[in-house]
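J.: Provided herewith is a single structure, encoded as structure tokens, for subsequent inquiry.
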Amino acid sequence: MVVFYPTEKQQTPTKTQLMISSYHSHTLLPNQCGSSLVQTIDAPLPLVWSVLRQFDNPQAYKQFIKSCSMRAGNGGIGSIREVVVKTGLPAKTSMERLDELDDNMHVMHYSIVGGDHRLANYSSTTTVHREEEGKAVVIQSYVVDVPTGSSEEDTCLFTNTIIGCNLKSLARVTEKMAANN
């Protein structure tokens, strides 16, 4: 007698899973933490990318930024911006360098290179892709050193909260723009 056992069906990975494995898988050192956050936005990818890619204007959607001025470059790769943070956060300024900006793949990577905060060796990658028609999916991942006197859990909780608020704000801004078009 021959018995047939059905083989497990291989599921095709989603675009989000592919983007995470391609751009958001980071090796952490013992003193680091990191995470990836995902936000689905009910707006077309080109619109979302047009707002997100503006390295010289992060306050267009990041609600904790008071102002931004370019210290080097014009917003392209290698540019450095100084961000002034709104009061109430444990920082005043942040110096950030644009390390990658790919308008074809919708990938942006930047690093914090200075400022008066505790986010040492912070590096962030943001990607945008379309999972279904008319909707954009934004993924932002980061790696950061855990400051002396802080725990990995507290560092990730703080950073995830800020990024989560920024992604929700990006969704509100771009969904409103899409509705007005």
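The values are calculated or read from the model by the stated rules, or taken from the named source; none is laboratory data. Because the structure is predicted, anything quoted here is derived from the model rather than measured. Backbone-built Cβ (ideal geometry, glycine too); neighbour counts: all protein chains shown. Calculation scope for accessible area: heavy atoms of the full protein, side chains included, ligands and nucleic acids excluded. Shrake-Rupley method; radii C 1.70, N 1.55, O 1.52, S 1.80 Å.
J.: Based on the alpha-carbon gyration tensor of segment 37-113 and its eigenvalue square roots a ≥ b ≥ c, which shape applies: rounded if a/c is under 1.5, prolate if not and a/b is larger than b/c, or oblate? Please list the in-between numbers first.
T.: On the way: a/c = 2.07, a/b = 1.27, b/c = 1.62.
It is oblate, given that a/c is not under 1.5 and a/b is not larger than b/c.
J.: Fully extended, how many nm does the chain gain between LYS92 and ASN31 (0.36 nm per residue separation, minus their Cα-Cα distance)?
T.: Values: separation 61, 0.36 × 61 = 21.96 nm, distance 2.42 nm.
Extra length from LYS92 to ASN31 when fully extended: 19.5 nm.
J.: Once fully extended, how much extra length lies between VAL38 and ALA120, figured as 0.36 nm per residue of separation less the alpha-carbon to alpha-carbon distance?
T.: Numbers: separation 82, 0.36 × 82 = 29.52 nm, distance 2.33 nm.
Length difference between fully extended and current span is 27.2 nm.
J.: Now, a different point. Let me check against my output: what whole-number percent is the relative contact order of the chain, with C-alpha pairs under 8 Å and at least 6 apart? Display every interim value, and only then the final one.
T.: On the way: 336 pairs, mean separation 48.4, N = 181.
Across the chain, relative contact order equals 27 percent.
J.: List the GluC sites (Glu not before Pro) within segment 124-181 that fall in a DSSP loop (any state other than H, G, I, E or B) and whose Cβ has at most 11 other Cβ atoms within 10 Å.
T.: GLU133
J.: Tabulate in residue order the Karplus-calculated ³J(HN,Hα) for segment 20-30, using 6.51 cos²θ - 1.76 cosθ + 1.60 with θ = phi - 60°, rounded to whole Hz; enter x for Gly and Pro.
T.: So the Karplus estimates, Gly and Pro as x, are 4, 5, 7, 10, 10, 9, 10, 8, 9, 7, x Hz.
J.: Can you work out the Karplus-derived ³J(HN,Hα) for every residue in segment 127-134? Use 6.51 cos²θ - 1.76 cosθ + 1.60 with θ = phi - 60°, whole Hz, and x for glycine or proline.
T.: Karplus values, whole Hz, x for Gly and Pro: 10, 10, 8, 9, 8, 8, 4, x.
J.: Amide H of ALA120: which non-local residues (sequence gap of 5 or more, or other chain) have their own amide H closer than 5 Å, using H built in the peptide plane?
T.: Amide H neighbours of ALA120: ASP145.
J.: Oh, and also: Peptides 157-163, 123-129: what's the order by average Cβ count within 10 Å, highest mean first?
T.: Listed from highest to lowest mean packing, they are 123-129, 157-163.
J.: At 222 nm, what value in deg cm²/dmol follows for the chain if DSSP H runs of at least 4 each add -39500 (n - 2.57) and the sum is divided by all its residues, to the nearest 500? Could the numbers behind the result be given before it?
T.: On the way: 3 runs with 45 residues, N = 181.
Result for the chain: -8000 deg cm²/dmol, rounded to the nearest 500.
J.: I've got another one for you. From largest accessible area down, sort SER151, SER94; use a 1.4 Å probe on the protein chains.
T.: Working: SER151 45, SER94 10 Å².
Output order, biggest surface exposure first: SER151, SER94.
J.: If you don't mind, there's one more thing I want to ask. Given +1 on the Cβ of Lys and Arg, -1 on the Cβ of Asp and Glu, and no further charges, what dipole in debye does the chain carry about its Cα centre, rounded to the nearest 20? Walk me through the numbers before you get to the answer.
T.: Details: 16 positive and 18 negative charges, 101 e Å.
Magnitude of the dipole: close to 480 debye.
J.: Residue by residue through segment 141-148, what is 3J(HN,Hα) from phi via Karplus (6.51 cos²θ - 1.76 cosθ + 1.60, θ = phi - 60°)? Round to whole Hz and write x for glycine and proline.
T.: 10, 8, 9, 8, 5, 7, x, 4
J.: Tell me the Rg and the Dmax, in Å, that the Cα atoms of segment 32-179 produce.
T.: 14.8, 46
J.: Grab the Cα-Cα distance for LYS15 and SER150, subtract it from 0.36 nm times how many residues apart they are, and report the gain in nm with one decimal.
T.: 45.1 nm
J.: Using only Cα atoms, find the angle between the long axis of helix 152-179 and the longest principal axis of the chain, and express it within 0 to 90 degrees, rounded to the nearest 10.
T.: 90 degrees
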